[in-house]
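The values are calculated or read from the model by the stated rules, or taken from the named source; none is laboratory data. Quantities reported herein were computed from a predicted structural model and do not represent experimental measurements. Surface accessibility is based on the protein's heavy atoms, side chains included, excluding ligands, DNA and RNA. Shrake-Rupley method; radii C 1.70, N 1.55, O 1.52, S 1.80 Å.
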Amino acid sequence: MTEFRCTRNALYVTASCLGNQDTSSRQGYYVFATSELEALKIMSAMFPEEAKAGFTVELK
């Protein structure tokens, strides 16, 4: 398993804050998954109402 840092895009789409362009400024969720796709699925399950806006997944 690999640890990924995932962030929710919906919170930053309309906001004029640092997190809008810089993902390191966002609150992150650390997810253990076998791939980026699996990490996205985990985030979508946790926040189904935000799946349309998407999530950012980065290797920790």
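One table, with the values for the structure above:
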item: Nonlocal amide H pairs with GLY54, under 5 Å, H built at 1.01 Å; result: none
item: Whole-number accessible area per residue in Å² for the chain, which is evaluated in the context of all protein chains at 1.4 Å; result: 65
item: Carbon + sulfur, % of accessible area of the chain - ligands and nucleic acids excluded, 1.4 Å; result: 55
item: Vicinal HN-Hα couplings computed from phi for the range 19-31 (Karplus, 6.51 cos²θ - 1.76 cosθ + 1.60; Hz; Gly/Pro x); result: x, 4, 10, 10, 5, 5, 8, 8, 6, x, 10, 9, 10
item: Cα gyration tensor shape for the chain, rounded if a/c is under 1.5, else prolate or oblate; result: oblate
